[in-house]
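Engineer: The structure under discussion is supplied below as structure tokens; questions concerning it will follow.
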Amino acid sequence: MARIINEIILHCSATKEGLDYKAKDIDKWHKAQGFKCIGYNFVITLNGTVETGRDINDIPAHCTGHNKNSIGIVYIGGCDKNMKAKDTRTESQKLSLYKLVKELMIKYHIDITSVHTHNEFAQKACPSFSIYTFRNEFLTWLNGKQEETKKKVKCPHYGMEIDEELLRSI
């Protein structure tokens, strides 16, 4: 039986800025903590490569109380050199994150209000940015991708103009 997916939750790896890790590294860390394998479904490396983590059909382990019906996406980074929370996403990571979130929203019919950050559900800084920052960046990116000739309407959640056809798809 296929999982019902209705949320996307964004995370950081809580690693120092500039240090690149891969899904296989997180898999090792999570196994050392007693997980069966990596808890996230997708990992975005420093150069923007999207790596697959836990199979999308298996319940992930990334956000207590939300794993059953969610997808977990983690970007590498999230801390400065002193291990203090910092949004360290590279431009490549941001672009890959926007593209992946858009693809998953369309595939699973998920609304922008069902895309969350881990810090909304746990007393953590993860992913070192707020959901409002992400949603604003994401909608600005989407809006910038639209051709000027397409009909634009106001996004009901943020009041930004966005392509009408795209808004219906997300």
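The values are calculated or read from the model by the stated rules, or taken from the named source; none is laboratory data. Note that the structure is a prediction, hence the values are computed from the model and not measured. Every residue, glycine among them, receives a Cβ derived from its backbone with ideal geometry; neighbour counts consider all protein chains shown. In case anyone asks, the SASA skips ligands and DNA or RNA and just uses the protein heavy atoms, side chains included. Shrake-Rupley method; radii C 1.70, N 1.55, O 1.52, S 1.80 Å.
Engineer: Obtain the radius of gyration and the Kirkwood radius of region 53-136 from its C-alpha atoms and give Rg over Rh.
Structural biologist: 0.94
Engineer: Next up: At 7 Å along the Cα-to-beta-carbon direction for both residue 29 and residue 136, put a label point, then send me their distance in nm to one decimal.
Structural biologist: Simple spin-label model gives 2.8 nm for this pair.
Engineer: Tell me the per residue accessible area of region 38-96 using a 1.4 Å probe; a whole number in Å² is fine.
Structural biologist: Ligands and nucleic acids excluded, the result is 44 Å² per residue.
Engineer: Here's another thing I want to ask about it. Could you state how much accessible area residue 98 has, in square angstrom rounded to the nearest 10, with a 1.4 Å probe and all protein chains kept in place?
Structural biologist: So the heavy atoms of residue 98 present about 20 Å² to solvent.
Engineer: Let me ask something else about it. Filter the cross-link list 24/94; 68/94; 31/86 down to pairs whose alpha-carbon distance in this structure exceeds 24 Å.
Structural biologist: Over 24 Å Cα-Cα: 68/94; 31/86.
Engineer: Would you kindly find the accessible area of residue 80, with a 1.4 Å probe and non-protein molecules such as ligands, DNA and RNA excluded, rounding to the nearest 10 Å²?
Structural biologist: Rounded to the nearest 10, that gives 40 Å².
Engineer: Which order do 102, 94 take when ranked by solvent-accessible area (1.4 Å probe, heavy atoms of all protein chains), largest first?
Structural biologist: Putting 102, 94 in descending order of accessible area: 102, 94.
Engineer: Can you tell me the Rg and Dmax of region 32-92, counting just the alpha carbons, in angstroms?
Structural biologist: Radius of gyration, then largest Cα-Cα span, for region 32-92: 12.9, 37 Å.
Engineer: Further question: By accessible area of protein heavy atoms, probe 1.4 Å, what ranking do 83, 105 get, highest first?
Structural biologist: 83, 105
Engineer: Ordering 90, 52, 64, 15 from largest to smallest accessible area (1.4 angstrom probe), what's the sequence?
Structural biologist: 64, 52, 90, 15
Engineer: Which whole-Hz couplings ³J(HN,Hα) result when phi for each residue of region 29-36 is put into the Karplus expression 6.51 cos²θ - 1.76 cosθ + 1.60, θ = phi - 60°, listed in order with x for Gly and Pro?
Structural biologist: 4, 5, 4, 5, 8, x, 6, 6
Engineer: Just report the Cα centroid separation between region 1-25 and region 78-119, whole Å.
Structural biologist: 9 Å
Engineer: Can I ask one more? With Cβ to Cβ distances under 14 Å as the rule, what net charge do the other residues near residue 32 carry (K, R +1; D, E -1)?
Structural biologist: So the surrounding residues net to +2.
Engineer: A further question follows. Solvent-accessible area of residue 3, probe 1.4 Å, all protein chains present, reported in Å² to the nearest ten, please.
Structural biologist: Looks like 40 Å² after rounding.
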